[in-house]
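A short write-up of the structure that comes next.
The values are calculated or read from the model by the stated rules, or taken from the named source; none is laboratory data. Given the structure is predicted, the values throughout are model-derived calculations rather than measurements. Methodologically, a virtual Cβ is constructed for each residue, glycine included, from the backbone with ideal geometry; neighbour enumeration extends over all protein chains shown.
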Amino acid sequence: MNVLFIEDDRMNRRVVRDMLDVAGVTMMEAENAEVGLAAIESQSFDMLLIDLRMPGMDGITAIHHIRARQDAKASVPIIVITADTALDLRERCLAAGADDVLFKPVAMDALFEAMGRIMARDADGAVLN
């Protein structure tokens, strides 16, 4: 599995990289949304992990850009990983096109459970048995 983590904080990227290494997941890093969108343009990823609060473009705007694409990359699964605790945050992220939202500090079991649940869906969003 090939994952892109768009996150401005280097330590947060390292923590998630260490978690994903345990499962043999390859993770590319992007330090902001603009770099992440450029990576998506030039490469294919099985899943995106996106922070919300970054300098420049925020995570929700980045999700809108990804979902507006006219190719298969528009449907890549997206998990938001955020420290934001706004009451309507989950709903705003899902409305923007995120598949799930995890809150920092993210636990390894929660990350793997969310990734597994999303990857277990078929093209219509139904859970595969």
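Things to note:
- The residues in the range 1-54 that are polar (S, T, N, Q) and under 17 Å from D84 (Cβ atoms) can be counted, and the count is 2.
- Taken together, A98, A62, A74 contain a single residue that is in contact with a strand residue (DSSP E or B) (Cβ under 7 Å, 6 or more places away or on another chain) and part of a helix (DSSP H, G or I), which is A62.
Rundown of residues vs (1) within 24 Å of R67 (Cα to Cα); (2) at pLDDT below 95; (3) crowded, with 16+ Cβ neighbours inside 10 Å; (4) not aliphatic (A, V, I, L, M), yes/no style:
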position: N2; (1), (2), (3), (4): yes, no, no, yes
position: M11; (1), (2), (3), (4): no, no, no, no
position: L20; (1), (2), (3), (4): no, no, yes, no
position: G36; (1), (2), (3), (4): yes, no, yes, yes
position: E41; (1), (2), (3), (4): yes, no, no, yes
position: M47; (1), (2), (3), (4): yes, no, yes, no
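- Across the range 103-123, a minimum of one residue is classified as assigned to a loop (DSSP other than H, G, I, E, B), more than 28 Å from D18 (Cβ to Cβ) and out of contact with any strand residue (DSSP E or B) (no Cβ under 8 Å at 6 or more places or on another chain).
- Count - residues of the range 44-56 that are under 15 Å from the mean Cα position of the chain (by Cα), of a type outside the set (D, E, K, R) and more than 12 Å from F5 (Cβ to Cβ): 2
- Subset of the range 22-34 that is touching a strand residue (DSSP E or B) at 6+ places or on another chain (Cβ under 6 Å) and not hydrophobic (A, V, I, L, M, F, W, C) - its residue that is surrounded by the most Cβ atoms within 10 Å (Cβ to Cβ): E29
- Flag if M28 is part of a strand (DSSP E or B), out of contact with any Asp or Glu (no Cβ under 9 Å at 6 or more places or on another chain) and either over 25 Å from R121 (Cβ atoms) or among the hydrophobic types (A, V, I, L, M, F, W, C) (or both): yes
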